[in-house]
Structures are given as structure tokens and as C-alpha cells.
1. Compute the relative contact order of the range 48-96 as a whole-number percentage, counting only Cα pairs closer than 8 Å that sit 6 or more residues apart in sequence.
2. Would you kindly calculate the mean projected area, averaged across all directions, of the convex hull enclosing the Cα atoms of the range 60-191, in square nanometres?
3. Excluding Arg205 itself, what net charge comes from residues whose Cβ is under 12 Å from its Cβ, given Lys and Arg +1 and Asp and Glu -1?
4. By counting other Cβ atoms within 10 Å of each Cβ, how are Arg288, Arg294 ranked from fewest to most?
5. Give the shape of the range 1-115 as rounded, prolate or oblate, defined through the alpha-carbon gyration tensor: a ≥ b ≥ c are the square roots of its eigenvalues, a/c under 1.5 means rounded, and otherwise the shape is prolate if a/b is larger than b/c and oblate if not.
6. Quick check on packing: order 81-94, 57-70 by the mean number of other C-beta atoms within 10 Å, highest mean leading.
7. Once you list every other residue whose beta carbon is under 10 Å from the beta carbon of Pro137, what net charge do they have if Lys and Arg are +1 and Asp and Glu are -1?
8. Write down the percent of antiparallel bridges among all DSSP beta bridges whose residues are both part of the chain, to the nearest 5.
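Where a number appears in this text, it was derived from the coordinates with a stated rule and is not lab data. Every value quoted in this text rests on a predicted model; they were computed, and no experiment measured them. Note that we place each Cβ from the backbone using ideal geometry, even for glycine, and neighbour counts take in every protein chain shown.
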Amino acid sequence: MSQLLTLAAAATALQRGELVGIPTETVYGLAANAFDDAAVARVFTAKNRPYFDPLIVHLAAADQAAALCTAIPPAAERLMAACWPGPLTLLLPKSSRVSDLITAGAQRVAVRVPRHPLTLSLLSLLPFPLVAPSANPFGYISPTQAAHVLAQLGPHIAGVLDGGPCDIGVESTIVGFDADAVVIYRDGGVSREALTAILGNDAIRANNQTSKENQPDAPGQLSSHYAPRKPLYFDEIDQGDGALTACLQEFSPEQVGAIAFCAPFPSLPPAHQWILSESGNCAEAAQRLFHGLRLLDAAAIGAIYARAVPDQGLGRAINDRLRRASRR
Ligand code: TXA
Ligand code: MG
């Protein structure tokens, strides 16, 4: 039966090829031995995740990246020095040490050093790195507490290492490196403003590939993702309230819950409104986002409404997750 694990028990289970829920500063991960293909395959099965969606490899320290990659561009070196341990994932050319299962056949591997002290201790106990996608069934809301992992993946895992609620609350930022620019594939825990401050004059651009359901080169970009089971209606900032109107055509106000930034929506009853940050702080809002979505998904309502938060700092990652959650 799965349960909360000690560090030693988590290490033993991983060495046996089992799966363990691990805390990170972003969201909880579903970890397995990155050098054991059978264990990696179990991750896909447990999440019901398609094999075309590749996994991030988690390292104990930046110097372990060299064995997994054939080259580390100067911009990547600077980002590692500034952001690791922390919520930044780098796409780097993979070495033969990384199996095609992990990268879904792609030539780049995603790597990061997470910042949670328990998981860093775990990684330093183990003779291998850990693959760890977010510990949720494929397409569902990411977990930010140990209880979220046990509730959804309990039967598939040896247990969870409980590191408390996640500090950041949204996944890592994912970047890759073109000849002339650092490309952002997923907005996340390191904001674009922070990347710009680190990279100075280096060009940064957003990945403008349109997402296709089976495009392995578009990380985290599957169009429908992070989604509750209830329909989520989403309005962009400053673009009217067409989604709210559409929602209220389908559902009575009492049947609608909401994710609100700093104050409740006046046209909806306050009972099922989850306020992200009363002081309007995007970092606090990010931390509270996924837990709020889970509570609303479990509440006695029929639909969820959300409006974009300011598109700055971690607000960009929040908006990205809400936008994807609204697609189905
Ligand atoms: O914060 C995070 O990144 C969390 C914690 C647990 O570390 N992990 C996470 O993993 O969000 P996951 O699998 O839920 O999302 C990682 C995204 C996937 O959408 C995948 O498509 C992309 O990263 N990705 C991973 N490896 C890739 C690769 N080699 N090439 C392109 N995209 C990749
Ligand atoms: Mg995920």
C-alpha cells in the first residue's frame, strides 16, 4: 500500500525500479531511475501518458549534466549558474547515456536541478538521476501537495516523500538554445523578466511553433493540459467577458465556481470563488493556483470560470496553465 516514505525508504524503492512521488519547489514529481528503462516505462503507464511526451531528468548538481549531454552552450552555462538548483529546465543535445524512451526519440534531453532540500538529499543518495514528470494523471492538474499525489497515483507508487506544499506552485520554465537565441518553450517558475536579467543582451524568444498533439519538439505545449474535469471558461485580460457570458448561458451562477486574482467576481456568488492573492501578488497566486483548481473540481458546482491575471512575472505561467485548462 502506498504511503508517506522516509528518505531511506524512498531511495530503496527507487533502487528497486519502483516509482516514488517527490517534492520539488515547483510541483510534485513522479520519480523513477532514469537509467532503468523498465522503471521509466512504468512512469508512462502510471500517468497514462503517451510515449511521445518526453520526460525531464532531475540531477543532484549541475556537474552531472555533462554526462547526459554532448554540448552545453555558453548561455546554458550562465543559466545553470544563476538558476540551479531552481525552476528552470534546459533542453540540451543528449548523449548516448540517455535512452530514447526518456526523450521520446528526440535528440535533446530536458534536464534540471530541483531546489527542494529533501529531493536534493534523495538525489545525492542515489547513483542515478531521476526522471520526474508532474505526478498527476496525464492532462490533469499538477499536484502541489503529497496528498494530491497519493489520491491520484496511490496504487501505482511505492509512496511519497512529503516535503510540504510546493513553494512555487507552477512547473519549471523550459528553454532551448538556437544558434541565435534562447527559446522559451514553457513559461514557469523562472519569469521572462528574470531570464532577461540573467542573459542581458542575448536574444530571448518564445517558441512560436503551433502545438500538435503529437509533436515531441513542443514541450509542455500540448494544447489541452493542466485541466480539471469540469469545464473551465477562460477570458483573456482586457478582452471582454465572452467566456463568462457563455458560461452563464450554460450554468446558473450558483453552479459556477471561479479562480479570481485578487477580488471575487461580482456577478458570481462568493461561495465557490478561490482568491489567488488578495494583495495581487503573482508569486502567491501561482503557489495557490493548482490547489484552488482541485478544490473547485471537487466542489458541488458544474463549471469553473477564470480570467487572466496580469501577464508579468509568474502571471504568464498562470495564464498559460489556465488557457490550456480551458481547452478540450
Ligand atoms: O517543474 C517541473 O518541471 C516538474 C517537476 C516535477 O520537476 N516536472 C514537469 O514535468 O512539469 P512534465 O513531464 O509534467 O512536463 C515536462 C514537459 C513535458 O510537457 C514535455 O513535453 C517537455 O517537458 N519535455 C521533456 N523533455 C523534453 C525533450 N527532450 N524535448 C522537448 N520537450 C521535452
Ligand atoms: Mg505535467
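1. In percent, rounded to a whole number, it is 45.
2. Average projection, Cα convex hull of the range 60-191: 8.5 nm².
3. In short, -2.
4. Arg288, Arg294
5. Oblate is the answer for the range 1-115, as a/c is 1.5 or above yet b/c matches or exceeds a/b.
6. The most tightly packed comes first, giving 81-94, 57-70.
7. Here the charged neighbours net out to +2.
8. Approximately 40 percent, going by the DSSP bridge assignments.
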